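Below is one structure, written out as structure tokens, with a few remarks after it.
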Amino acid sequence: MSLFKARDWWSTILGGKEEFDHGCLCVADVDNSGSGQDKIIVGSYKGYLRIFNPHPVKPGDEIQPEDLLLEVQLREPILQVEVGKFVSGTEGLHLAVLHCRKLCVYAISGTLGNVEHGNQYQMKLMYEHNLQRTACNMTYGPFGGVKGRDLICIQSMDGMLMLFEQESYAFGRFLPGFLLPGPLAYSSRTDSFITVSSCRQVESYKYQVLAFATDADERQETEQQKLSSGKRVVVDWVLNIGEQALDICIVSFNQAVSSVFVLGERNFFCLKDNGQIRFMKKLDYSPSCFIPYCSVKEGTINTLVGNHSKMLNVYQDITLKWATQLPHIPVSVKVANLRDLKGVIVTLSDDGHLQCSYLGTDPSLFQAPRVESREINYEELEAEMKELQKIIREATKAQDILPKSEKHRDLTVSAEVSPDLDAESQAIDSEVKAEAVPSVTVKVTIQSRVNAQKPNLAVYVQAPLAVTCDQFFFDDLEPDSSETVVLSVFLKRNYSPSELEGNCVVSYNTPTGKLLEISRITKVAQCKFRLPLRLVCSPAQPSKAANHKLTIDTNKSPISFITIFP
């Protein structure tokens, strides 16, 4: 056992082919249980929202079904999840979920279960805001010194800060000199928003300055508007750090002064409220995430810094106190209180490895029992061996009650995509602004070798693609029979899907053994199909009057684009 290796307390792998980033992890008592126990909230770029409450029997146990309180697919990529007092009239905690073009606030509640399946958890939408601009990240806090509630500020990809006073939109302001969005944080002590601009400098903007500045309806303004309109957004203070920033954290612990922590590409900085540097630490590795937390030594702050070498370093101010090895590269790290265990380190990787760990070693309490020496009784061993062989023979005889080998599956489903687009488009209720929205025919065939009862076919494609019909119900299928359905796939909304792969899933019941009347097994068969690129893209003529041209010389004769992309 390595001393410098994170002890695995609880871990799981989230989904398949899902992606996660810095804003996808949050820890809080989101269901307002009052127990002081944090829940782990995780959102993914595929739109899955999961809430965990780990309860390992012993450290390192695998995930139990009851550890997953809630799993919902919201169908839109989740950029960030936060927990705060987002609903007016109550000081209870609610969950804010940021999508590309939408902000949703949910209430998470649980009801006591009456059976062994445990408690039931529900997610209720309290309100949502449809965004006019594509979101990048968000922060929250008691903007303007309000009491008992949190307001939300969203930064768009084109540099607009959109502020929401819970159920209503307050105002929006453009940051001056904006090029690319950076991390965003709110300091309640100075009532300021702190970000890092493309000029590689930390900038602070007072909430009051933003509130009284000219309303930002358009990104471009004429010089006359700039001179004649009201107050402009003015930065409070600026600090040049000379590198891009990965994250910003505002800390204010009882025994430590209020500080602004900025994690750069090669350094992390601790700043005072007025932008002066308290200290900085040069890193000899590439960091991936960090989080400051409370220190036991008065006047100091501890910081966890994860890096791309799968290491998690613990600093007390600028002094390295501990280094521990992780099984993955963390993109987000939090410190949580789980099941009466305070200070659990929660890490998340970009491919969905979620782990709760702690530092140090486990005490070894095992003592080898004393072995009693006794003579071997061969007659007893031979009788026991015959008894075991008899049990094995009986078990192999009764094997017909178990599922047969799946060399020949009971039911198979196949999907055939037409090589040509439909001559007459089957698109319905499409929002795409085009003369004719193309559609393609998919032929789905179900073949059954057994008596399949109540087969149900579901067809799923990635949004914004849609199908003319996604649910089919059939009568019972006799052995060696088949069913065929035809549907069309088309682009429903005016943006590109993340993938062109679709799924067909058939669920059905099969009777088992001699208990035909009372015992049925539910089985599932599925297949995948790929849609043509022409469904979402249309060929365009090359521009001959281009502003910029790029010529590529190769040492071998180039292949024709017609050959590569027929």
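Given the structure, is GLU431 farther than 12 Å from LEU535 by Cβ, under 32 Å from the mean Cα position of the chain (by Cα), acidic (Asp, Glu) and assigned by the TED database to the domain that holds GLU501?
Yes, satisfied.
Hey, can you tell me all the residues within region 402-453 that are modelled with pLDDT under 90, more than 28 Å from SER496 (Cα to Cα) and open to solvent by 60 Å² or more (accessible area, probe 1.4 Å)?
LEU402, PRO403, LYS404, SER405, GLU406, LYS407, HIS408, ARG409, ARG449, listed by residue number.
Among the residues of region 486-502, write down those that are assigned to a strand (DSSP E or B) and of a type in the set (D, E, K, R).
Hit for region 486-502 is GLU501, nothing else.
Among the residues of region 320-342, count how many are more than 16 Å from LEU25 (Cβ to Cβ) and within 23 Å of the chain's Cα centre (by Cα).
Counting residues in region 320-342 that are more than 16 Å from LEU25 (Cβ to Cβ) and within 23 Å of the chain's Cα centre (by Cα) gives 1.
Which one is surrounded by the most Cβ atoms within 10 Å (Cβ to Cβ) among residues in region 60-112 that are outside any loop (DSSP other than H, G, I, E, B) and small (Gly, Ala, Ser)? Even if it seems obvious, please write down each step before you answer.
Of the residues in region 60-112, the ones outside any loop (DSSP other than H, G, I, E, B) are 61, 65-73, 80-84, 94-98, 102-111.
Now restrict to residues that are small (Gly, Ala, Ser): 84, 96, 107, 109-110.
On the way: GLY84: 18, ALA96: 22, ALA107: 19, SER109: 15, GLY110: 16.
Applying the filter and picking the extreme gives ALA96.
Of the residues in region 144-163, how many are out of contact with any Gly (no Cβ under 9 Å at 6 or more places or on another chain) and either basic (Lys, Arg) or farther than 20 Å from GLY182 by Cα (or both)?
Total satisfying the criteria: 5.
Counting only residues that are in a loop (DSSP other than H, G, I, E, B), open to solvent by less than 100 Å² (accessible area, probe 1.4 Å) and under 25 Å from LEU533 (Cα atoms), how many does region 543-566 have?
2
Does region 470-485 include one or more residues that are outside any loop (DSSP other than H, G, I, E, B) and within 24 Å of LEU533 (Cα to Cα)?
First pass over region 470-485, keeping only residues outside any loop (DSSP other than H, G, I, E, B): 471-473, 477, 481-485.
Right, trim to within 24 Å of LEU533 (Cα to Cα) and you get 485.
Scanning region 470-485, I find at least one residue that is outside any loop (DSSP other than H, G, I, E, B) and within 24 Å of LEU533 (Cα to Cα), so the answer is yes.
Residues are listed down the side, and each one gets a yes or a no for (1) within 20 Å of ASP350 (Cβ to Cβ); (2) among the acidic types (Asp, Glu):
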position: ASP8; (1), (2): yes, yes
position: ILE13; (1), (2): yes, no
position: CYS24; (1), (2): yes, no
position: VAL27; (1), (2): yes, no
position: ILE41; (1), (2): yes, no
position: TYR48; (1), (2): yes, no
position: HIS55; (1), (2): no, no
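In the list ILE241, ILE301, which residue meets the criterion of being touching a residue at least 12 places away in the same chain (Cβ under 8 Å), under 33 Å from the mean Cα position of the chain (by Cα), surrounded by 14 or more Cβ atoms within 10 Å (Cβ to Cβ) and under 18 Å from PHE193 (Cβ atoms)?
On inspection, the qualifying residue turns out to be ILE241.
Here is a list: GLU128, GLU167. Which entry is closer than 23 Å to ASP31 by Cβ and free of Cβ contacts under 8 Å to residues at least 40 places away in the same chain?
Selected residue: GLU128, the only one of GLU128, GLU167 that is closer than 23 Å to ASP31 by Cβ and free of Cβ contacts under 8 Å to residues at least 40 places away in the same chain.
From (1) open to solvent by less than 60 Å² (accessible area, probe 1.4 Å); (2) assigned by the TED database to the domain that holds ILE428, pick out the condition that doesn't hold for SER482.
(1)
Could you grab me the full set of residues in region 151-170 that are within 12 Å of LEU210 (Cα to Cα) and open to solvent by 20 Å² or more (accessible area, probe 1.4 Å)? Spell out the reasoning first.
Of the residues in region 151-170, the ones within 12 Å of LEU210 (Cα to Cα) are 153, 160-163, 170.
The answer is ALA170, and nothing else.
Could you please find all residues in region 130-140 being open to solvent by less than 20 Å² (accessible area, probe 1.4 Å) and either closer than 15 Å to PHE193 by Cβ or not hydrophobic (A, V, I, L, M, F, W, C) (or both)? It would help to see each step written out before you state the result.
Applying the first criterion (open to solvent by less than 20 Å² (accessible area, probe 1.4 Å)) to region 130-140 yields 131, 135, 138-139.
Passing the criteria: MET138, THR139.
Restricting attention to region 171-178, does a residue exist that is open to solvent by 40 Å² or more (accessible area, probe 1.4 Å) and basic (Lys, Arg)?
No, because not a single residue in region 171-178 is open to solvent by 40 Å² or more (accessible area, probe 1.4 Å) and basic (Lys, Arg).
Can you tell me how many residues in region 37-59 are touching a strand residue (DSSP E or B) at 6+ places or on another chain (Cβ under 6 Å) and surrounded by fewer than 17 Cβ atoms within 10 Å (Cβ to Cβ)?
1
Within region 13-32, can one find any residue that is at pLDDT below 85, closer than 18 Å to VAL331 by Cα, of a type outside the set (Lys, Arg) and not assigned by the TED database to the domain that holds ALA463?
Among the residues of region 13-32, at least one is at pLDDT below 85, closer than 18 Å to VAL331 by Cα, of a type outside the set (Lys, Arg) and not assigned by the TED database to the domain that holds ALA463, which makes the answer yes.
Please determine, by comparing only the residues of region 345-400 that are of a type in the set (Gly, Ala, Ser) and in a strand (DSSP E or B), which one is modelled with the highest pLDDT.
SER349
Do you know which residues across region 150-204 are at negative phi, part of a loop (DSSP other than H, G, I, E, B) and over 24 Å from the mean Cα position of the chain (by Cα)?
Matches in region 150-204: GLU167, LEU175, PRO176, PHE178, LEU179, SER188, ARG189, THR190, SER197, SER198, CYS199.
How many of the residues in region 451-494 are among the hydroxyl-bearing types (Ser, Thr, Tyr) and within 24 Å of LYS523 (Cα to Cα)? Give the steps one after another, and end with the answer.
Keep residues of region 451-494 that are among the hydroxyl-bearing types (Ser, Thr, Tyr), which gives 460, 468, 481-482, 484, 488.
Now drop any that are not within 24 Å of LYS523 (Cα to Cα), which leaves 460, 481-482, 484.
Total satisfying the criteria: 4.
The values are calculated or read from the model by the stated rules, or taken from the named source; none is laboratory data. Everything numeric here is computed off the predicted structure, so don't read it as measured data. When we count neighbours, we look across all protein chains shown, and the Cβ atoms used for this are built from the backbone with ideal geometry, even at glycine. Accessible surface is based on the protein model in full, side chains and every heavy atom, while ligands, DNA and RNA are left aside. Shrake-Rupley method; radii C 1.70, N 1.55, O 1.52, S 1.80 Å.
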